[in-house]
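Report on the structure given below.
The values are calculated or read from the model by the stated rules, or taken from the named source; none is laboratory data. Because the structure is predicted, anything quoted here is derived from the model rather than measured. Counting neighbours? That spans all protein chains shown, and the Cβs are built from the backbone with ideal geometry, glycine included. What goes into the accessible areas is simple: the full protein's heavy atoms, side chains included, and nothing from ligands, DNA or RNA. Shrake-Rupley method; radii C 1.70, N 1.55, O 1.52, S 1.80 Å.
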Amino acid sequence: QQQVKQSPQSLIVQKGGISIINCAYENTAFDYFPWYQQFPGKGPALLIAIRPDVSEKKEGRFTISFNKSAKQFSLHIMDSQPGDSATYFCAARGRNNDMRFGAGTRLTVKP
Amino acid sequence: GAVVSQHPSWVICKSGTSVKIECRSLDFQATTMFWYRQFPKQSLMLMATSNEGSKATYEQGVEKDKFLINHASLTLSTLTVTSAHPEDSSFYICSASKTSGGPSLEQYFGPGTRLTVT
């Protein structure tokens, strides 16, 4: 059972465009929401993370928007580059520090 | 800092044999380590949570007798896949947390181990 729902499954964006990936959760006990980037054959790498008491966090070209009442959060990648082409996972941390991952979004940025 | 390594990065074994995967935190002590499995083009699924010096906690549906986890020190956890079968072929990823409580509980992921069972 997927505790974190992620969409879209795949995304194609032109270079310089904005990539937007959305996630939703049900468990209000989740207290930390990271986004990971994964390249083929590699482990996931933390991109950016947010806590539920903050509505937005920006680091460089990456922004997380968080809507606590709707139990939704999203990742925006501004000025998308071909090097951003990877699979992105949202995740949510539970009470036992267990991380639950979304299904992943395969992003392709076309030059 | 906060580097996690895994060994081996890739292993092929015959059906029925056992294989051990190591997860090490190189520059920090990890009270808790986690083991995930990822099938091709799928998400990471938590298999078990491993606390140093105690028994691992397995997720529902994960056979603890098949996937043996040992967290004998603050820098090493091992996952042993016993009597491996082709359906166990997957990408196994570990992660480690620096502390067991407090505000900074980020998980640092290893590079993964690709297991192929023939």
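Regarding the range B:35-57, can at least one residue be identified that is in a loop (DSSP other than H, G, I, E, B) and within 13 Å of the chain's Cα centre (by Cα)?
Filtering the range B:35-57 down to residues in a loop (DSSP other than H, G, I, E, B) leaves B:39-43, B:52-56.
Subsequent filtering for residues that are within 13 Å of the chain's Cα centre (by Cα) retains B:56.
Yes, the conditions are met somewhere in the range B:35-57.
Would you confirm whether or not the range B:100-118 contains a residue that is over 22 Å from A:R100 (Cβ atoms), away from chain A (no Cβ under 14 Å) and among the hydroxyl-bearing types (S, T, Y)? Spell out how you get there, then give the answer.
First, pick out the residues of the range B:100-118 that are over 22 Å from A:R100 (Cβ atoms): B:114-118.
Within this subset, residues satisfying the condition of being away from chain A (no Cβ under 14 Å) are B:117-118.
Restricting the remaining residues to those that are among the hydroxyl-bearing types (S, T, Y) gives B:118.
Checking the range B:100-118: at least one residue is over 22 Å from A:R100 (Cβ atoms), away from chain A (no Cβ under 14 Å) and among the hydroxyl-bearing types (S, T, Y).
Does the range A:6-15 contain any residue that is within 12 Å of chain B (Cβ to nearest Cβ), on the phi > 0 side of the Ramachandran plot, exposed (fewer than 13 other Cβ atoms within 10 Å of the Cβ) and in contact with a strand residue (DSSP E or B) (Cβ under 8 Å, 6 or more places away or on another chain)?
Within the range A:6-15, the subset within 12 Å of chain B (Cβ to nearest Cβ) is A:6, A:9-10.
Narrowing the set further to residues that are on the phi > 0 side of the Ramachandran plot leaves none.
So far as the range A:6-15 goes, no, none of its residues is within 12 Å of chain B (Cβ to nearest Cβ), on the phi > 0 side of the Ramachandran plot, exposed (fewer than 13 other Cβ atoms within 10 Å of the Cβ) and in contact with a strand residue (DSSP E or B) (Cβ under 8 Å, 6 or more places away or on another chain).
Return the total of residues in the range B:7-30 being within 14 Å of B:Q107 (Cβ to Cβ) and not aromatic (F, W, Y).
So the first thing to find is which residues in the range B:7-30 are within 14 Å of B:Q107 (Cβ to Cβ), and the list is B:23, B:25, B:28, B:30.
Among the residues that remain, those that are also not aromatic (F, W, Y) are: B:23, B:25, B:30.
Total meeting the criteria: 3.
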Going by the conditions given, is B:Q60 outside any strand (DSSP E or B), among the polar types (S, T, N, Q) and either at positive phi or at pLDDT 90 or above (or both)? yes
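May I ask you to list the residues in the range A:38-57 that are in a strand (DSSP E or B), open to solvent by 20 Å² or more (accessible area, probe 1.4 Å) and within 11 Å of chain B (Cβ to nearest Cβ)? Walk me through how you get there before you give the answer.
Taking the range A:38-57 and keeping what is in a strand (DSSP E or B), we get A:38, A:45-50, A:56-57.
Going one step further and asking which of them are open to solvent by 20 Å² or more (accessible area, probe 1.4 Å), we end up with A:45-47, A:56-57.
Hits for the range A:38-57 are A:A45, A:L46.
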Checked the range B:1-17 for anything under 15 Å from the mean Cα position of the chain (by Cα) and among the polar types (S, T, N, Q); matches are B:S5, B:Q6, B:S9
Regarding the range A:58-73, can at least one residue be identified that is surrounded by fewer than 15 Cβ atoms within 10 Å (Cβ to Cβ) and among the hydroxyl-bearing types (S, T, Y)?
yes
Condition set out of contact with any Ser or Thr (no Cβ under 6 Å at 6 or more places or on another chain), in contact (Cβ under 8 Å) with a residue 40 or more places away in the chain and open to solvent by 50 Å² or more (accessible area, probe 1.4 Å), scope the range A:83-111, selection farthest from the other protein chains (Cβ to nearest Cβ): answer is A:P111
Considering only the range A:30-37, I want to know if a residue exists there that is outside any strand (DSSP E or B) and open to solvent by 30 Å² or more (accessible area, probe 1.4 Å). yes
